[in-house]
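Read through the structure below, which is laid out as structure tokens, and then see the notes.
The values are calculated or read from the model by the stated rules, or taken from the named source; none is laboratory data. Remember, it's a predicted structure, so these values are computed and weren't measured experimentally. Cβ atoms come from the backbone with ideal geometry, glycine included; neighbour counts cover every protein chain shown. All accessible areas refer to the heavy atoms of the entire protein, side chains included, with ligands and DNA or RNA removed. Shrake-Rupley method; radii C 1.70, N 1.55, O 1.52, S 1.80 Å.
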Amino acid sequence: MKLTFLGTACGHPSSSRQHTAVLVKSESGTLLLDCGAEVNRFLKQQGLSVDAVDGVWLSHAHSDHVGNFSHWVQALWLQKRKRELAIYAPSGLVKILRKELENRLLFSELLGFSLQWHELAEGEALACGTLQLKGFATTHLNRLRERFLLDYPEVCFDCYGAILEGEGKRLAYSADMAKPDDLGKIWDQPVDELICEMAHFSPESLFQYLADKPLNKIWLIHHGDNWAEQESQLQNLAKKNRFTAEVKLAREGQSVTI
């Protein structure tokens, strides 16, 4: 299984990094985790064909996670993709994105390939090729929901992380969280590697939470530029807080095999 970090920045603008997108490529299936980066350019740089990606997991409605989705679909149309594309997203976000594509003049009758929409639900098993997927809800948008739901009932306030299983590996993707224990539902089995955001809580609190969890390695993404070159500092913080798994700071464009 191969990971390529297309975008590692959090929502704040960065002069050198793009927003969240991670490509998971395996013999079981190829899945894009969020679409905040300029996916078209990165896939071109990787030499991947227009039909290479089986599906995309869109965790929530923030632009730094879905902002390049319609642009990518347009590029797939212009490059004459033929294969069906699976889209995994919260039900409310599915409605929003389908309307967005229509408003961008990307009509289903025009595309030349079909979009297969899958609405996420807590713990429901899904598939991308033979890659097994399962969503877990995070509390990232709960405070916004409490404040704005009555005024904006059509908005989607759900956010889903993902558990991926394939090639004998178990990989978890945090999406955005309000607190580290949003990861509580992924530990029913050991996790080989965790792709985890680091924008909404301190690294100390994350390492303290993870200290006794069955995890081999963590890839830190979705962080500010202040952490971009601080891998050794983060590793020292992990040790100080009794987190003994391997700590890696994901870098823009980096590809790794797990």
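Using the rule -39500 (n - 2.57) for each DSSP H run of four or more residues, divided by the residues of the chain, the 222 nm mean residue ellipticity is -6500 deg cm²/dmol.
In whole Å, what is the distance between the alpha-carbon centres of region 32-79 and region 131-194? So the separation of the two Cα centres works out to 20 Å. Heavy-atom accessible surface of region 100-185, averaged per residue, reaches 54 Å², computed with a 1.4 Å probe. Of the residues Lys99, Lys134, the one with the largest accessible area comes first in the ranking Lys99, Lys134, computed with a 1.4 Å probe on protein heavy atoms. Counting 0.36 nm for each residue step from Gln79 to Phe113 and taking away their Cα separation leaves a gain of 11.1 nm. Between Thr139 and Glu102, the modelled labels are 3.6 nm apart [label points 7 Å from Cα along Cα→Cβ]. Residue by residue, region 71-77 carries 3J(HN,Hα) couplings of 5, 5, 4, 4, 5, 4, 5 Hz when phi is fed to the Karplus relation 6.51 cos²θ - 1.76 cosθ + 1.60 (θ = phi - 60°); x denotes Gly or Pro.
Which of the three applies to region 210-258, rounded, prolate or oblate, going by the alpha-carbon gyration tensor with a ≥ b ≥ c and a/c under 1.5 meaning rounded? Oblate is the answer for region 210-258, as a/c is 1.5 or above yet b/c matches or exceeds a/b. Relative contact order of the chain: 19 percent, from C-alpha pairs under 8 Å at least 6 residues apart in sequence. Per-residue SASA remark: Trp77, around 80 Å² accessible (1.4 Å probe; ligands, DNA and RNA not included).
Relative to the longest principal axis of the Cα atoms of the chain, the long axis of helix 91-103 makes an angle of roughly 40 degrees.
Shown for region 1-104: lysine pairs separated by 8 or more places, or found on different chains, whose C-alpha atoms are under 28 Å apart, numbering 15. Over 18 Å apart: what share of the alpha carbon pairs of region 154-258 falls there, rounded to a whole percent? Roughly 47 percent, rounded to a whole number. A cut-off under 12 angstrom between Cβ atoms defines the neighbours of Gly36, and their net charge, with Lys, Arg +1 and Asp, Glu -1, is -4. Computed with a 1.4 Å probe on the full set of protein chains, the accessible area for Ile96 sits at about 70 Å². Within a straight-line Cα-Cα reach of under 17 Å, Lys185 can be paired with the following aspartates and glutamates, leaving aside sequence neighbours fewer than 8 residues apart in one chain: Glu122, Glu124, Asp158, Glu165, Asp176, Glu193, Glu197, Asp212. Here Thr130 and Trp187 are evaluated by their C-beta separation; at R0 = 35 Å the FRET efficiency comes out at 0.90.
Say R0 is 35 Å: what FRET efficiency, to the nearest 0.05, do Lys44 and Lys95 get from their beta-carbon distance? E between Lys44 and Lys95, to the nearest 0.05, is 0.70. Heavy-atom surface analysis with a 1.4 Å probe gives the chain a carbon and sulfur content of 47 percent of its accessible area. Max-minus-min Cα coordinates of region 95-159 on each principal axis give 41, 33, 12 Å, with the largest extent listed first. Computed over protein heavy atoms with a 1.4 Å probe, the accessible surface of region 1-61 works out to 34 Å² per residue.
Label separation (Glu229 vs His71): 2.7 nm, computed from points 7 Å beyond Cα along the C-beta direction. Using the Karplus relation 6.51 cos²θ - 1.76 cosθ + 1.60 with θ = phi - 60°, the per-residue 3J(HN,Hα) values for region 225-231 come to 4, 5, 9, 4, 10, 10, 4 Hz, with x marking Gly and Pro. Place +1 on the Cβ of every Lys and Arg and -1 on the Cβ of every Asp and Glu in region 190-230, take the dipole about the Cα centre, and give the residue among Phe201, Val191, Ile221 whose Cα lies farthest towards its positive end. Result: Val191, furthest along the dipole toward the positive end. Dipole check for the chain: with +1 at the C-beta of Lys and Arg, -1 at the C-beta of Asp and Glu, and the Cα centre as origin, the magnitude is about 440 Debye.
For region 102-228, the square roots of the Cα gyration tensor eigenvalues, ordered a ≥ b ≥ c, give a/c of at least 1.5 with a/b no greater than b/c, which places it in the oblate category.
Of Glu193, Glu100, the residue with the largest accessible area leads and the full order is Glu100, Glu193 (1.4 Å probe).
Take Cys156: with every protein chain present and a 1.4 Å probe, its accessible area is about 10 Å².
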